[in-house]
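What follows is a short report on a single structure.
The values are calculated or read from the model by the stated rules, or taken from the named source; none is laboratory data. Computed from a predicted structure; not experimentally measured. Neighbour counts run over all protein chains shown; Cβ positions are idealised from the backbone, glycine included. Each accessible area value is taken on the protein alone, full model and side chains, heavy atoms only, with ligands, DNA and RNA left out. Shrake-Rupley method; radii C 1.70, N 1.55, O 1.52, S 1.80 Å.
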Amino acid sequence: MSSSDQNAPRGPIDSSRVPRYAGPATFARLPRLDEVGRADVAVVGVPFDTGVSYRPGARFGGNAIREASRLLRPYNPAQDASPFALAQVADAGDIAANPFDIHEAVETIEAAADDLLGTGARMMTLGGDHTIALPLLRSVAKKHGPVALLHFDAHLDTWDTYFGAEYTHGTPFRRAVEEGILDTSALSHVGTRGPLYGKQDLTDDEKMGFGIVTSADVYRRGADEVADQLRQRIGDRPLYISIDIDCLDPAHAPGTGTPEAGGMTSRELLEILRGLSSCNLVSADVVEVAPAYDHAEITAVAASHTAYELTTIMSRQIAAARDARA
């Protein structure tokens, strides 16, 4: 075996030899991190949903996404790339967080993210509820400074508190702005819709620096125009993408905790993400998949393909940077 073969990324199990429904359900049937020693992109689960305000169950989301990802294949024609050949992508297992102490859980998630990012990997995180975005952003900001944020969600998630609690799935991005870990010149929500507590919610959100692309905007303007607008807003800044699966309409993602009518299609979400392939994506998450409310894995399949597109973007950029150094 040549040295180049030895250094080549280890990809998924060959589905022509082992049926897709057999064997451990790692993401896309990729190797575990402990099997390869290092990863350029670490796929990691965070089975935590103590921060939810309505239907629980997102703690089971990561493994549901992994199960649905068995059908992913190694070549992504939409981006003309083989992400698992361009970079070493590995499943890093789960971050075990205390479900009875939200402050301790947030600290645990941040510390575990610090360890993974410290190896040089980018993170593709599978939630879990949206509370986990805050410790992940804290960790990413330690490495990159304040980052641009694209937040795909039916909801703003910039509220101040629920029942006096500072950490919930509806507050992570207010906390992140307050802590100075976001680049407030490059923040956008995408897919928002539905009732609010009052107009002040929008006023407060705007003061924090967020732009809003509603699901109706996506419908009227189309995915390509929306992606172009987002690229212009982000520029070449380090970018973090956080995707609450409820940005999709309940027809496309019934398995989630706080569904809202009138959302994007899975096709629109995937096309927007593909349009962001030139952005400097440093890490990402997909959260709020609650499989107890899912039907025929509709939600988990959408989430697995979403994570696949994000992983492809990161793998392409890692390979391009490596080639530029060569």
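Things to note:
- Residues whose amide H lies under 5 Å from that of Val287, counting only those 5 or more places away or on a different chain, are Gly127, Ile243, Asp244, Ile245; hydrogens are built 1.01 Å from N in the peptide plane.
- Evaluating 6.51 cos²θ - 1.76 cosθ + 1.60 at θ = phi - 60° for every residue in segment 268-273, the Karplus couplings come out as 5, 4, 5, 5, 4, 4 Hz, glycine and proline recorded as x.
- Relative to the longest principal axis of the Cα atoms of the chain, the long axis of helix 133-144 lies at roughly 60 degrees.
- Under 5 Å from the amide H of Asn280 lie the amide H atoms of Leu239, each residue being 5 or more positions distant or on a separate chain, with H modelled from the backbone and absent for Pro and chain starts.
- The chain: angle of helix 102-118 to the longest principal axis, Cα-based, in degrees nearest 10: 40
- For Thr258, the accessible area of its heavy atoms, probed at 1.4 Å with every protein chain present, is near 30 square angstrom.
- Taking max minus min of the alpha-carbon positions on each principal axis, the chain gives extents of 64, 39, 38 Å, largest first.
- Most to least accessible of Val46, Val301 (protein chains only, probe 1.4 Å): Val301, Val46
- Residues in segment 202-218 carry Karplus couplings, in order, of 6, 5, 4, 4, 5, 4, 6, x, 7, x, 10, 10, 6, 5, 5, 4, 4 Hz; the curve used is 6.51 cos²θ - 1.76 cosθ + 1.60 with θ = phi - 60°, and Gly or Pro positions show x.
- The amide H of Val190, built 1.01 Å from its N in the peptide plane, has His151, Phe152, Asp153, Val213 as neighbours under 5 Å, considering only residues 5 or more places off or on other chains.
- Rolled with a 1.4 Å probe across the full set of protein chains, the surface gives Asp80 an accessible area near 110 Å².
- Taking Lys143, Lys207 and ordering them by how much accessible surface each has at a 1.4 Å probe, largest first, produces Lys207, Lys143.
- Partners for Lys143 among aspartates and glutamates (Cα-Cα distance below 13 Å; same-chain residues under 8 apart left out): Glu110, Asp114, Asp115
- Segment 20-75 and segment 286-309 have Cα centres lying 11 Å from one another.
- What the phi angles of segment 300-306 give under the Karplus curve with 6.51, -1.76 and 1.60, with θ = phi - 60°, is a coupling list of 5, 5, 4, 5, 5, 5, 4 Hz, glycine and proline written as x.
- Virtual spin-label span in nm between Lys199 and Arg32, 7 Å along Cα→Cβ: 5.6
- Accessible area expressed per residue, the chain, with surrounding protein chains retained (probe 1.4 Å, Å²): 42
- Bridgeable lysines around Lys207 (alpha carbons under 19 Å apart, same-chain partners fewer than 8 residues away excluded): Lys199.
- About the centre of its Cα atoms, the chain shows a dipole size close to 980 debye [charges on the beta carbon of Lys, Arg (+1) and Asp, Glu (-1) only; nearest 20 debye].
- Take every Cα pair under 8 Å whose residues are at least 6 apart in sequence, average their separation, divide by the length of the chain, and the relative contact order is 21 percent.
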